[in-house]
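Novice: Here's a structure for you.
The values are calculated or read from the model by the stated rules, or taken from the named source; none is laboratory data. Note that the coordinates shown come from a computational prediction; the quantities given were computed from them, not determined experimentally. As a convention, Cβ positions derive from the backbone with ideal geometry for all residues, glycine included, and neighbour counts pool all protein chains shown.
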Amino acid sequence: MPSGDAAKPTHRPQPVKRRSVISCTMRNVSSSGALLVFATMVGMPSDFEIWIDGSHKPHRVVWRSNTRMGVAWTDLKAAARSAIK
């Protein structure tokens, strides 16, 4: 497994309206986006917020599969300033 694919700590995307919490694992995190891995995508809303260490990460969903989702950060300047290591 490449070192860039190492599992990151669990983070919680949050739906915009209901404020539910759905746990996931972030992989391949970069200044341009990330791979989110879920136990299940059942009940996953189409619009949600991602919060990492208290910071909101504006994003757009690039692709989805049964348990994975690729997101691209939409505020690249802010993402670069707070790059996840």
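Novice: Please determine, by comparing only the residues of the range 1-53 that are outside any loop (DSSP other than H, G, I, E, B) and of a type in the set (A, V, I, L, M), which one is modelled with the lowest pLDDT.
Specialist: Applying the filter and picking the extreme gives Ile52.
Novice: Could you tell me how many of the residues in the range 39-59 are out of contact with any Gly (no Cβ under 8 Å at 6 or more places or on another chain) and surrounded by 11 or more Cβ atoms within 10 Å (Cβ to Cβ)?
Specialist: Looking only at that region, the number is 12.
Novice: What are the pairs, 6+ residues apart or on separate chains, where a residue within the range 47-60 that is touching a residue at least 12 places away in the same chain (Cβ under 8 Å) and under 16 Å from Val37 (Cα atoms) has its Cβ under 7 Å from a residue that is part of a loop (DSSP other than H, G, I, E, B) and polar (S, T, N, Q)?
Specialist: Sorted first by the residue in the range 47-60, then by its partner, the pairs are His59/Thr74; Arg60/Thr74.
Novice: Look at the range 31-68 and say how many of its residues are touching a helix residue (DSSP H, G or I) at 6+ places or on another chain (Cβ under 9 Å), of a type in the set (A, V, I, L, M) and under 19 Å from Ser20 (Cβ atoms).
Specialist: The qualifying residues number 0.
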